[in-house]
Amino acid sequence: MSKHIVILAGDGIGPEIMAEATKVLAKVNQQFKLDLTWSNELLGGCAIDATGVPLPDQTLEAARKADAILLGAVGGPKWDTIERSIRPERGLLKIRSELKLFANLRPAILYPQLASASSLKPEIVAGLDILIVRELTGGIYFGQPRGIRTLENGERQGFNTDVYSESEIRRIAHVAFQLAMQRNKKVLSVDKANVLEVTELWKEIATEVGKEYPEVQLSHMYVDNCAMQLVRAPKQFDVIFTGNLFGDILSDEAAMLTGSIGMLPSASLDENKKGMYEPCHGSAPDIAGKGIANPLATILSVAMMLRYTFKQDAAANAIELAVGKVLDQGLRTVDIWTDGTQKVGTVAMGEAVVAAI
Ligand code: IPM
Ligand code: MG
């Protein structure tokens, strides 16, 4: 029976990179006889323009029914000043939350061909393979109360609430430990337990769950130290397991170690491994429409989708190998370009990957 994917290209560079990812999807669909179908829906600023809200009911319904979701990016300056509750990013947060996509996997893998594109010395990043497991539907991103209020003295005050229940921590901890079992069996739980109670509990539950995985070596680190260690000696890490906000920040940092955030895919999974797949980078409004955005993070997100949701390892491997091949050919979008390589645009990069499959 055919499986269906809902595509949400979104805003900014979203439609450009998604056009290339869709070509790659079409190629593997045909070559590996995957019997996948797909259709497009609106999310983010484009949805606001068309319907007045960032996550229209039609999109949410289609996403619920779909077997997987592929997302480009949302947001842009055009919508930064509209009422906060209907900004593009709220649409993204709502779809994550409505679909209970609590497990966000962000692999930071250095393609050896890109060692010189990293801002760190090649010997520090060579062979880098980190997996960040970020809790995605809780913490300060969703905690209530939140808002901007006016105090009695007339001064405005912004406030948010960082909150995690034991069960929320436990279920994401299991994901992290299970993934570590398939890797190098090391989990680093990241917290700020020296200051924040919410992460004191995080650390406690991580330790408790860790006892169920005696083969996995669990360690703990404060988030500030982790941020430093990531640029000092990133190869010490295997699985980094953390909450929503710390995961957001550390994954951007880890991405840069691999040369460019334009290379980093992600998977956001629910309890049953149904998932939404998206590049970790944003909508990059500054380069939108110029045809220079790197489509590889979205293309690699297609590979993650095939592997995690559709269990099509051969097709996923074929995409990842093809990305390696185009890098071997010396093709580079501007974000990963270095002297001696060939600068190409979004379309040329996408088509080179298709040709290499
Ligand atoms: C990400 C992004 C989002 C987040 C934004 C666009 C809301 O930065 O996926 O990392 O903060 O989660
Ligand atoms: Mg982010």
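Where a number appears in this text, it was derived from the coordinates with a stated rule and is not lab data. In this text the structure is predicted, and so the values were computed from the model without any measurement. Every residue, glycine among them, receives a Cβ derived from its backbone with ideal geometry; neighbour counts consider all protein chains shown.
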For the stretch 148-226, what's the radius of gyration and Dmax over Cα atoms, in angstrom? 16.7, 57
Give the distance, in whole Å, between the Cα centre of the stretch 25-81 and the Cα centre of the stretch 120-164. 25
Would you kindly work out the equivalent ellipsoid of the stretch 240-357 from its C-alpha gyration tensor and give its semi-axes, the square roots of five times the eigenvalues, largest first in whole Å? 24, 19, 12
For the stretch 1-129, what class follows from the C-alpha gyration tensor (a ≥ b ≥ c being the square roots of its eigenvalues): rounded when a/c is under 1.5, otherwise prolate if a/b is larger than b/c, else oblate? oblate
What are the semi-axes of the equivalent ellipsoid for the chain, taken as the square roots of 5 times the Cα gyration tensor eigenvalues, largest first, in whole Å? 30, 26, 21
Enumerate the lysines that K27 could reach by cross-link, defined here as Cα to Cα under 28 Å, with residues fewer than 8 away along the same chain left out. K3, K65, K273, K274, K290, K311, K325, K343
Hey, what's the Cα Rg ratio for the stretch 61-184 versus the globular rule of thumb, 2.2 N^0.38 Å? 1.40
Residues meeting the amide H criterion for I7 (H placed from the backbone, H to H distance under 5 Å, 5 or more places apart or on another chain) are S39, N40, E41, L70
Quick calc, A19 & L321: beta-carbon distance into FRET formula, R0 22 Å, rounding 0.05, result 0.50
How much length would be gained if the chain were fully extended between E200 and A26, taking 0.36 nm per residue of separation minus their Cα-Cα distance, in nm to one decimal? 58.0 nm
One finds the C-alpha centres of the stretch 195-218 and the stretch 243-275 to be spaced, in Å, by 21
Out of the DSSP beta bridges found with both residues in the stretch 108-258, what percent are antiparallel (nearest 5)? 30
Taking every pair of distinct Cα atoms and averaging 1/r, then inverting, what Kirkwood hydrodynamic radius in Å comes out for the stretch 3-74? 12.5
Environment charge at H220 (Cβ cut-off 15 Å; Lys +1, Arg +1, Asp -1, Glu -1): -2
For the chain, what is the percent of antiparallel DSSP beta bridges, rounded to the nearest 5? 40
Computed for the stretch 286-342: size of charge dipole around the Cα centre, +1 on C-beta of each Lys and Arg, -1 on C-beta of each Asp and Glu, debye to nearest 20, value 200
Kirkwood-based Rg/Rh on the Cα set of the stretch 214-274 evaluates to 0.99
With the cut-off at 1.5 for a/c, could you classify the stretch 50-117 from its C-alpha gyration tensor as rounded, prolate or oblate? oblate
Rounded D (µm²/s) - the stretch 276-326, Kirkwood Rh over Cα pairs, Stokes-Einstein at 4 °C, 1.567 mPa s: 109
Looking at the P(r) of the stretch 303-357, how many percent of alpha-carbon pairs lie beyond 16 Å? 45
Hull shadow area, averaged, the stretch 248-301 [alpha-carbon convex hull, nm²]: 4.4
